[in-house]
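Trainee: Structure below; questions to follow.
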Amino acid sequence: MKRVFAALALATVFAHPAHSQTLPTLATYAGEDREQRLIEGAKKEGLLVFYTTIPTEYADRLIQPFAARYGVKVNVWRARSEIVLQKVLTEARAGNANVDVISVFAPAAEAIRRENLMQEIRSRHHAELARSAVPAHRQWVAQLQHVFVHAYNTDKVRKEDLPRTWHDLLAPKWKGRLAIEGDDHEWLSSVIADIGEAEGVRFFRELVAKNGLSVRSGHPLLTNLVASGEVPLALTVYQYSVEQAKKKGSPIEWFVIEPAVSIPNAIGVARRAPHPHAALLFYDHLIGAEGQRILARIGYVPTHAKIESPVKGVKLKFLDAAILLDEQEKSTRLFEQIVLKGAAR
């Protein structure tokens, strides 16, 4: 009986357009006219605010077809995940409802969710994604996978000389030629776990002491340094950034000592989104087939089950966002002790 009353109540809400339609109602509505309702509301709102880590040139590729189709202007604010996280939390504590859609590394999205700032969504597109991309809470989903690969300058390193195992990096020929991004503690902890805790810690300590490991801040910078030849081999760059550099003619290529570590980039709608119709419509666009194909063309690894991955054939290790967040302090401390302090000696 309760289900009947719930259905009647929902029908009443959508039968009267003038009635206030809250975000929770819209987000969980599963009627056949859901998309049309969102389109009509989004065109009236005419605007949405998007906080993201995706580089502006790639975000524009995702936004343009959406904006052209629905006449909705998308205002983008782009920064690193930790900065986006801080901005969202600061605005929430000040009582400001500025952002509609948030796209960040999944651990940051999980932190936002735990502050009760994300809206649970029931979208038909969830069924099109890989099962692992849709957490039970549905307050964020994995939009794409950031796959860590190793990149080398093809003018400085021959393919036949590439390391096939981690211990191959201890060879004298790699002395002074290796680099890592300065905040990739999740990657380091994952690799150490694969090798075995004690042996993994010993290996990386020996690598830093024997051959050195240059620390650079920012994955785009590290990719550019490999492309320029300043860094012959980098251990942690994103696969898509290498593909983009190759398209521009840079002498750069990637490989992996499997399994390649992968961290999801999550997308969700803010619980107090000021433009709820546009927010939910844009969310569906980004996780639907069109948005996912655009991501794949850019070089990202999409989470849509029927769209081919740019890293097909590579064994991937998918890291759990909740575990990464819970163990962040531990993995950060380990990275500091092994890499940062070791590199400073």
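Just so it is clear, none of the values below were taken in a lab; they were calculated from the coordinates. Every value quoted in this text rests on a predicted model; they were computed, and no experiment measured them. With ideal geometry, Cβ positions are generated from the backbone for all residues, glycine too; neighbour counts draw on all protein chains shown.
Trainee: List the lysines whose Cα sits under 27 Å from the Cα of K175, skipping any in the same chain fewer than 8 residues away.
Mentor: The qualifying lysines are K156, K159, K210, K246, K341.
Trainee: Pull out the extension gain between K246 and K312, defined as 0.36 nm times the separation in residues minus the alpha carbon to alpha carbon distance; nm, one decimal.
Mentor: On the way: separation 66, 0.36 × 66 = 23.76 nm, distance 1.81 nm.
Extra length available between K246 and K312 comes to 22.0 nm.
Trainee: Okay, next question. Any idea what the dipole of the range 269-345 comes to, in debye rounded to 20, about its Cα centre with Lys/Arg Cβ at +1 and Asp/Glu Cβ at -1? The partial results should precede the final answer.
Mentor: Working: 12 positive and 8 negative charges, 48 e Å.
Here the size comes out at about 240 debye.
Trainee: Using a 7 Å offset from Cα along Cα-Cβ at D168, what residues in the range 204-248 end up with backbone N under 18 Å from the label point?
Mentor: Hits in the range 204-248 for D168 at 18 Å: 204, 207, 211, 232-237.
Trainee: OK, next. Can you compute log10 of I(q)/I(0) for the range 161-243 with the Debye formula, treating each Cα as one identical point scatterer, at q = 0.21 Å⁻¹?
Mentor: Results for the range 161-243 at q = 0.21 Å⁻¹ read -1.06.
Trainee: Going by the alpha-carbon gyration tensor, a ≥ b ≥ c the square roots of its eigenvalues, is the range 294-345 rounded (a/c under 1.5) or, if a/c is not under 1.5, prolate (a/b greater than b/c) versus oblate?
Mentor: Working: a/c = 3.36, a/b = 2.14, b/c = 1.57.
Because a/c hits 1.5 or more and a/b exceeds b/c, the range 294-345 counts as prolate.
Trainee: For the chain, take the longest principal axis of its alpha carbons; what is the angle in degrees between that and the long axis of helix 197-210, to the nearest 10 within 0 to 90?
Mentor: Helix 197-210 and the main axis of the chain meet at about 60 degrees.
Trainee: Where nothing but the Cβ of Lys and Arg (+1) and of Asp and Glu (-1) is charged, how large is the charge dipole of the range 233-295 around its Cα centre, in debye to the nearest 20?
Mentor: Numbers: 6 positive and 5 negative charges, 50 e Å.
Using Cβ point charges on Lys, Arg, Asp and Glu, the range 233-295 gives about 240 debye.
Trainee: Check the straight Cα-Cα distances from K330 and name the aspartates and glutamates below 16 Å, setting aside those fewer than 8 residues away within the same chain.
Mentor: D183, D184, E186, E197, D320
Trainee: Assuming 0.36 nm per residue, please report the length gained on full extension of the stretch A97 to L47 beyond their Cα-Cα distance.
Mentor: Working: separation 50, 0.36 × 50 = 18.00 nm, distance 1.40 nm.
Between A97 and L47, full extension yields 16.6 nm more.
Trainee: T28 label point, 7 Å along Cα→Cβ, cut-off 19 Å on backbone N: hits in the range 132-146?
Mentor: Zone members listed by number: 135-141.
Trainee: Under a cut-off of 19 Å between alpha-carbon atoms, report the lysines in cross-link reach of K44, not counting same-chain residues fewer than 8 places apart.
Mentor: Output for K44: K73.
Trainee: Also, I was wondering about something else. Does the range 213-260 come out rounded, prolate or oblate by the C-alpha gyration tensor, with a ≥ b ≥ c the root eigenvalues, rounded set by a/c under 1.5 and, if not, prolate when a/b is larger than b/c and oblate if not?
Mentor: oblate
Trainee: Moving on. Just subtract the alpha-carbon distance of R333 and E82 from 0.36 nm times their residue separation and send over the number in nm, one decimal. Working shown, then result.
Mentor: Numbers: separation 251, 0.36 × 251 = 90.36 nm, distance 1.69 nm.
Full extension of this stretch gives 88.7 nm more.
Trainee: Given the C-alpha atoms of the chain, compute the convex hull and give its volume per residue in Å³. Show your work: numbers first, answer last.
Mentor: On the way: hull volume 49.6 nm³, N = 345.
Convex hull volume per residue, Cα atoms: 144 Å³.
Trainee: Taking only C-alpha pairs under 8 Å that are 6+ residues apart, what is the relative contact order of the chain in percent? Before the final figure, lay out the partial values.
Mentor: Working: 607 pairs, mean separation 89.7, N = 345.
So the answer I get is 26 percent.
Trainee: Is the range 254-345 rounded, prolate or oblate when judged by the Cα gyration tensor, a ≥ b ≥ c being the square roots of its eigenvalues, rounded requiring a/c under 1.5 and prolate requiring a/b larger than b/c? Don't jump to the answer; show the numbers that get you there.
Mentor: On the way: a/c = 2.89, a/b = 1.45, b/c = 1.99.
It is oblate, given that a/c is not under 1.5 and a/b is not larger than b/c.
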